[in-house]
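Just so it is clear, none of the values below were taken in a lab; they were calculated from the coordinates. Since the model is a prediction, treat every value here as computed from it, not as a measurement. Here Cβ is always computed from backbone atoms with ideal geometry, including for glycine, and neighbour counts include all displayed protein chains.
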Amino acid sequence: MTFIVDSHCHLNYGSLAEDMDGVLARAKAAGVGTMLAINARLKEFDDVLKIAEAHEQIWATVGSHPHDAEDEWGITPEELIKKAEHKKVVGIGETGLDYFYEHAPRDKQKQNFIAHIEAARVTGLPLIVHARDADDDCAEIMEAEMKKGAYPAVIHCFTASEEFARRSLDIGCYISLSGIVTFKSAKELQEAIKIIPLEKMLIETDAPFLAPVPMRGKANEPSYVKHTAEFLANHFDISFEELANATTDNFFKLFSKTERPNFP
């Protein structure tokens, strides 16, 4: 069976947390052998970590979403670095900027974002970046911080412009694609992603959000990443196996603290 990775999911939320055994069984049946459980609020870190500790195929991150930059303002690199010492914590984030909802002031979003970048730089763990309607500010911060010292990063759930993709790739970022690319309304996105080289591409669900076609309207879950992989293989005119193998290899290269399991 072809091995797939869901590089970004929120397993501590809603229906996923309530049916973990079912979620994992369906993921395995779909060929999903590894999942990255994303921490979106520091106050939920222990919940995310417990899930990763309980399952060999699940890894965790530590971070605070820009939506929560006011409630969790003043995050220091040191507290992120300390939590990242755990053997199951393999990434920093998700973090970044969100000017679409603006649930938090932009200055606080930026300060928290930079703290996460410093933690990624110090630990060498990949930064998981959320960017929505904030392309220029996000790119400028990442470019300026990269000049201070390199750090690995992935732009998660990419929905931005070709220019933002190019600027992200120019500083070495990976780009992760979600079920949004399968939407009929995503024609501009489908064009923009054509510049992303296969060796810099990851796939994700962002579960329980953003279920791909043909599962729209349902709560998303890791098994559904297969639908996104199938769409992208067709979109890039390559085999499903080539797309799956490349994105899986990319995940383990970027998240080098993880261990690739025997699968199935």
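The table for this structure:
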{"quantity": "Net lengthening on full extension, S161/K184 (0.36 nm per residue, minus Cα-Cα)", "calculated": "6.6 nm"}
{"quantity": "Answer label, with volume of the Cα convex hull per residue in Å³ calculated from the coordinates and candidates [x] 141; [y] 112; [z] 121", "calculated": "[y]"}
{"quantity": "Segments 126-136, 227-237 sorted - mean Cβ within 10 Å per residue, highest first", "calculated": "126-136, 227-237"}
{"quantity": "Around A207: net Lys/Arg minus Asp/Glu count, Cβ-Cβ under 10 Å", "calculated": "-4"}
{"quantity": "Within region 105-137: backbone nitrogen closer than 19 Å to the K43 label point (7 Å, Cα to C-beta)", "calculated": "105, 108-109, 112-113"}
{"quantity": "The chain - mean residue ellipticity at 222 nm from DSSP helices (-39,500 (n - 2.57) per run, n ≥ 4, rounded to 500)", "calculated": "-12000 deg cm²/dmol"}
{"quantity": "Distance between modelled label sites at D237 and T76, nm, 7 Å Cα→Cβ extension", "calculated": "5.5 nm"}
{"quantity": "Extended-chain gain in nm, criterion 0.36 nm per residue less alpha-carbon gap, E199 and S15", "calculated": "62.9 nm"}
{"quantity": "Additional length obtainable on full extension of the chain from Y99 to A29, 0.36 nm per residue less Cα span", "calculated": "21.4 nm"}
{"quantity": "Charge context of S7, other residues only, Cβ under 11 angstrom, K/R +1, D/E -1", "calculated": "-3"}
{"quantity": "Whole-number percent relative contact order across region 4-254, with pairs defined as alpha carbons under 8 Å at least 6 apart", "calculated": "19 percent"}
{"quantity": "Highest to lowest packing among 207-213, 249-255, scored as the average C-beta count within 10 Å", "calculated": "207-213, 249-255"}
{"quantity": "Of K50/K200; K87/K226; K110/K184; K88/K147; K83/K257, pairs whose Cα-Cα distance is over 26 Å", "calculated": "K50/K200; K87/K226; K110/K184; K88/K147"}
{"quantity": "Burial ranking of peptide ranges 179-186, 17-24 (average Cβ count within 10 Å, highest at the top)", "calculated": "179-186, 17-24"}
{"quantity": "Whole-angstrom gap from region 53-70 to region 186-214, using each part's C-alpha centre", "calculated": "21 Å"}
{"quantity": "Exposure proxy ranking, count of Cβ atoms within 10 Å, fewest first, for K226, K43", "calculated": "K43, K226"}
{"quantity": "Stokes-Einstein D (µm²/s) once Rh is taken as the Kirkwood radius of region 77-152 over alpha-carbon pairs, at 25 °C in 0.890 mPa s", "calculated": "196 µm²/s"}
